[in-house]
Amino acid sequence: MTDPQNPNPWAKPEGTYEVTAVSNMGLPMPPPPEPAPPLGHAQWQNPYSAPAHGTYQVQAMNQGFPMQPLPSVLPQELAPARPATITAAMWIWIAGAVLSVAVFPVLFLTNTEFFLAETSSTDRAAGEVGVQAMALIFGFLMLIAAAPYVAFAIVLRNGQNWARILLTVLGALGFLSTLAIMFFALAADVWQPGTVITIVTLGLTVAAVVLQFLPPSNRFVR
């Protein structure tokens, strides 16, 4: 029974009380975890009861397994840097291929009067169109012939020996064909532009072959 003198029969006597969180099932809930300290002030805990003051070794982990140290690489095992001779040979091959495309168009267009010497005035317009068409056709054929030089020169930049061998074979064939074109250009009325292009192309071909077989190039090509 409650005390009739106490106006609040549910009041508890004065003192210190402990408040315990209770889950929905009536069981006491565990206390909330303490916030983790900052990374710079974190303290390592040894689960194997080692002394509080000791030396700890931290290993890099890869999916739960310690990573093995990478083996050392000797300087001679590193890939050699690309020498300037290979870079120069690549650009010379490309320059020679571009010039070779322009040989026939220059010869045809600068010697239009030579090709139309026996053409009547009424057929002159058609003859000029024919010469321009021939220049375009031969220029396109030379462009197709020059494409392998450019492609193999780019591969040579990466140090592939098979590209160097193919460029040497193509260079020999191109040298002979360019030499024949030069004699054809010398027989034309306006021979100077075509002859100059062929001579420069021949010189570039020889320079590219020599550069790709120099000692720095031999050490780089594999």
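The values are calculated or read from the model by the stated rules, or taken from the named source; none is laboratory data. Model, not experiment: these values are computed from the prediction. Heads up, the Cβs are rebuilt from the backbone with ideal geometry, glycines too, and the neighbour counts pull from every protein chain shown.
Return the total of residues in the stretch 180-207 being outside any helix (DSSP H, G or I), small (G, A, S) and surrounded by fewer than 17 Cβ atoms within 10 Å (Cβ to Cβ).
Kept after step one, since they are outside any helix (DSSP H, G or I), are these residues of the stretch 180-207: 187-191.
Those left that are additionally small (G, A, S): 187-188.
Of the ones still in play, those that are also surrounded by fewer than 17 Cβ atoms within 10 Å (Cβ to Cβ) are 187.
Number satisfying all stated conditions: 1.
Regarding I86, is this residue within 24 Å of F140 (Cα to Cα), part of a helix (DSSP H, G or I) and among the aliphatic types (A, V, I, L, M)?
Working: within 24 Å of F140 (Cα to Cα): no; part of a helix (DSSP H, G or I): yes; among the aliphatic types (A, V, I, L, M): yes.
Criteria not met by I86.
Write out, first by first residue and then by second, each pair whose Cβ atoms fall under 9 Å of each other, whose residues are 6+ apart or on separate chains, and whose first residue, in the stretch 139-153, is at pLDDT 95 or above while the second is surrounded by 14 or more Cβ atoms within 10 Å (Cβ to Cβ) and of a type in the set (D, E, K, R).
F152/R164
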